Amino acid sequence: MEATWQGLLTGVSTAATDPEMAGLPVDFRCRVPDFVSQRVLGRRLAWRLDPGAQFALVAAREACQNAGLNPREWDPGRVGVVLGVGGNSLHQYEHEFSLLASGRAAEISALAVPRSMPSTVAAEIGLDLDARGPNLVVSATCASGTAALGTARDFLWSGSCDIVITGGAEAPSARIGSATFGQLGALSTRARNPAGACRPFDRDRDGFVLGEGAGVLVLERADHARARGARAHAVLAGFGASCDAHHFTAPHPEGRGAAAAMRQALHDADLAPADIDHINAHGTATRLNDQAELQALRDVFGQPPPVTALKSIIGHSLGAAGGIEATCTVLTLGRQVIPPTANFSSADPGVEVDVVCKDPRPVRMRAAMSQSFGFGGQNAVAVFTSP
């Protein structure tokens with residue numbers, strides 16, 4: 001967590017040419033640096049898990065440790081797991097399909113299915129941490145990680161859980177993923193300058209850069225946390241979700257669904273737009289998505305508070321993005337400083353939004369919003385307040 005946070009404060013993109021993407025029209029992406037799965041998880045467990053599940057497991061362990069929770073001491077039936085995952089993993093399938101196409105079906109791994117199921121990510125956390133409560137994934141494309149937070153909170157409110165491990169995890173870094181997003185025209189093509197490729201809200205933006213990773217938080221009933229003397233980093237005060245019902249990939253051009261989710265989250269938190277001090281934007285750097293998000297922000301806030309877009313630094317990890325950005329929003333509130341957006345130099349004419357860029361910005365904050373929007377017009381927004 002700390003290494004990620006310090007990296008975000010630099011405002012420098014992690015995008016770089018990736019030898020695994022060689023030969024593709026877009027051959028660069030953002031990788032989790034210095035991650036050696038066998039060293040962290042052990043050889044056997046690392047071998048069994050898809051990269052997305054590896055990231056999820058490491059993040060979940062760290063989140064529980066940070067929260068002062070010991071799985072050997074909790075009531076396992078009262079601990080749930082809700083993870084946002086945009087889609088099933090394609091890493092294993094690429095290899096297995098090649099075996100099938102070459103007539104070598106007998107060599108296909110028996111683990112191909114469990115490795116690639118979206119639900120495996122949540123199931124492995126339950127298995128590793130002995131969490132026996134509700135266990136599921138939420139799949140809402142790029143809004144999955146944020147949508148998981150709302151679902152997790154409902155389990156707390158219903159009284160069926162005291163603790164829910166939640167967030168998002170995904171490793172959309174298989175070659176087929178890069179190829180298909182490239183065909184959709186969603187990826188930046190600045191291969192000569194990968195670190196300068198992702199430019200959210202900038203006039204010269206041309207698409208996102210694929211990322212990977214996990215962002216996991218511990219949500220806990222307030223009375224349960226107080227009883228064990230836990231220190232809360234933030235309060236999940238509001239949640240809103242909606243669907244554009246407009247197009248299977250493009251957002252509503254006026255950002256109507258996004259604005260509706262923002263208003264729901266504000267109403268749920270019993271806050272007015274003026275109460276929000278910072279917005280962690282979806283900020284994909286695609287022309288249509290950024291424009292729709294900016295329109296929604298103007299409609300809801302008039303003059304929005306300072307905005308940052310972290311995909312410019314760590315890339316777009318699809319279903320994991322909402323979990324990662326929610327975690328960073330909590331850190332932003334706790335440390336009272338907003339990480340900058342990388343590669344922002346000139347806004348579209350007529351777009352009056354305060355994009356934090358170049359350097360971190362210290363700001364007094366009591367409430368912040370983290371928002372995620374995805375293919376199919378699926379929108380999810382979370383509001384966090386200081387405890």
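Any read-out appearing in this document is the output of simple, stated calculations on the displayed coordinates, not a laboratory observation. Only a predicted model underlies this, so the values are computations on that prediction, with no experimental measurement involved. A quick note on method: Cβ atoms are made from the backbone with ideal geometry, for glycine too, and the neighbour counts reach across all protein chains shown.
With the gyration tensor restricted to C-alpha atoms of region 139-200, the semi-axes of the equivalent ellipsoid amount to 35, 12, 10 Å, longest first. Candidate values (i) 1.01; (ii) 0.94; (iii) 1.07 were compared with Cα Rg over 2.2 N^0.38 Å computed on the shown model; the agreeing label is (ii).
Per the Cα gyration tensor, region 5-70 maps to an equivalent ellipsoid with semi-axes of 26, 19, 8 Å, ordered largest to smallest. Counting every C-alpha pair in region 166-238, the share spaced more than 22 angstrom apart comes to 49%.
A crude spin-label estimate for the pair Glu73 and Val36, with each label 7 Å from Cα along the Cβ direction, gives 3.2 nm. Among 129-136, 372-379, the peptide with the highest mean count of other Cβ atoms within 10 Å heads the list, and the full ranking is 372-379, 129-136.
Projected over all directions and averaged, the alpha-carbon convex hull of region 2-227 occupies 14.4 nm². Here region 56-74 and region 165-199 have alpha carbon centers that stand 30 Å from each other. All other residues whose Cβ lies under 13 angstrom from that of Ser178 are scored, Lys and Arg at +1 and Asp and Glu at -1, for a net of -2. Taking label positions 7 Å along the Cα-Cβ direction at both Ala245 and Lys358, the computed distance is 4.5 nm, reported to one decimal.
Extension gain, Glu254 to Ala112: 0.36 nm times the residue separation minus the Cα-Cα distance gives 46.9 nm. The listed peptides 191-197, 72-78, 322-328, ordered by packing as a protection proxy, come out as 322-328, 191-197, 72-78 (highest mean of other Cβ atoms within 10 Å first).
Alpha carbon centre of region 309-334 versus region 223-251: separation in Å? Region 309-334 and region 223-251 have Cα centres spaced 14 Å from each other. Considering only alpha-carbon pairs that sit under 8 angstrom and 6 or more positions apart, the relative contact order computed for the chain is 23 percent. Expressed as a whole percent, the proportion of Cα-Cα pairs in region 95-191 lying more than 22 Å apart is 49%. Where both bridge residues fall in the chain, DSSP classifies roughly 60% of the beta bridges as antiparallel.
Computing FRET efficiency as 1/(1 + (r/R0)^6) for Leu127 and Ala272, where r is the C-beta to C-beta distance and R0 is 41 Å, gives about 0.40. In a fully extended conformation the segment linking Arg228 and Ser160 would gain 22.6 nm over its present Cα-Cα distance, using 0.36 nm per residue.
An ellipsoid equivalent to region 235-385, defined through the eigenvalues of its Cα gyration tensor, has semi-axes of 20, 18, 15 Å when rounded to whole angstrom and sorted largest first.
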